[in-house]
Amino acid sequence: MASISSSSSRAPSSLWDARYALAGLSAVFLFEMVDNSVLTVALPTIARDLGSSATSMQWVSSAYSLTFGGLMLVFGVLADRVGRRRTMLVGLTLLAAASVATVAVSSIGELIAVRAAMGVAAAMTTPGAMALAFRLFTVEGLRIRALTVISTAGLIGLAVGPTAGGLVLLIAPWQVLLLATAPIAVLAFLGIRAGIPEDRPEELHRTHSLDVRLIAQPLVASGLALKAAAALATAGLSFLVTLQLQLVWGWSPALAAAGTVPQVAVLLATGRVVAPLVQRLGPTRAAEAGAAAVVAGLVVFSALARFGYPFVLIALALVAAGMRVVGTVAGHNVLAGLPENRTSVGAALVDTAGELATAVGVGIAGTVLAAIAGGAVDAVTSTRGGASSTQAATEVAGAVIACLAALLVVAGFVCAQRTAPSRHRCARRRRRPTEPDSDDDVTSSPTSVSDRSSRRDRNAFAGRRAWPCRVRPATRSNDA
């Protein structure tokens, strides 16, 4: 197809060649992680400054989450139709404008409106960052490394955001924290404008709605299930660890925050492991291993956390390492299972699955806690019985979430099996003398480009692997 051949001719051959684009896309992920973390730190200060109630402060966070989660798929479809780069640049412009508008905020209603606008901007930019990073390269290894780079930038923001936000509040008003989003948006705008070419008409998808059949494709369904499993377990564990450290063991908020630092350290340290793991196991098996590690961490917490912090530390490390792999590879698998002109929708599906699973994880933990501990939670620091009931609630909630996450992992594994081509089909393809064996052969064989490209499109839409299947050499028997 023309779209694939033209994309291949424009694709950078290394991460350095795409440095401006990667800098811009990394800034988008940095905004996503920093924004929520610094706002959480500033909420008490904002409440005192604007004289708002607890319900109003909840809407400050919810206005962003609702618009962000509710509009991701809408803007994913729009981006595939009018242009991914164009949608991204418009979203970044809106983000910078909304951030600057924070300076003029004088009431809680105005702040909620600003946060809603920032949520719209995030829905236009965040899914597009993954889609553009995927489409930027044509080599699978470079795609994995690029997704790892931009996700690492977000994790760095997650690590330093709360601490930096607390220090800023000591010397500056809270508006400075939200205003800091503006230079990040400008950096992202410049990097994407300089480093990513405009979408060509043949690379766009002209339909106005989401084709639900895309979600049923095996590779797509597998990636979404594994992403949801990891997000469900991670959100549930984060909520439960907070209860364990502060309410059951009586740790101060500062000490509890320090207790979760190893998780961030593991997230950053395992970034260099993702690409070698994918090369060794393949994208699907790597995502399954990562999701299984996340579930194992939750199981460790549920069964052994009562015996001391070392077991909480093991649980945090397992979940962090597994999420690091799933966060990169599952998204890659979803995009690889879709046609070339539907990558923005695929990225939006990945983010939506993560957001919904996160909400479910926290909701399950809170519901179980209320059912078992009840009113004891308010008095847990002074009542031994309250601490015991909260301990029991965290264990039950952890077990429930672990079971649901495990079911999602199994579902992802089953879907992935449908994507593997049979041994006989691979053997037949291998015996074709006129068919190239790799993507490199495609570029060197002009007569096979269109046939190979059209076959890749059909395979992608059918949920099969877009890369050539690998056949293990047959072993010779002893009788031969």
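Below, the figures for the structure above:
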item	result
Label-point separation, residue 16 to residue 281 (7 Å along Cα→Cβ), nm	3.1
Computed lengthening from residue 110 to residue 261, 0.36 nm per intervening residue step minus Cα-Cα distance	50.9 nm
Net charge of Cβ neighbours under 12 Å - reference residue 148; Lys, Arg +1; Asp, Glu -1	+4
Contour excess over end-to-end distance, with Cα ends at residue 410 and residue 356 and 0.36 nm allotted per residue	17.6 nm
Burial order of peptide ranges 21-29, 328-336, 114-122, 41-49 (average beta-carbon count within 10 Å, highest first)	328-336, 21-29, 114-122, 41-49
Positive dipole terminus of segment 37-194, leading residue within 92, 176, 191 (C-beta point charges)	191
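Every number in this text was worked out from the coordinates using simple rules, so none of it is lab data. As the structure is a computational prediction, the values presented were derived from the model and not from experiment. Counting neighbours? That spans all protein chains shown, and the Cβs are built from the backbone with ideal geometry, glycine included.
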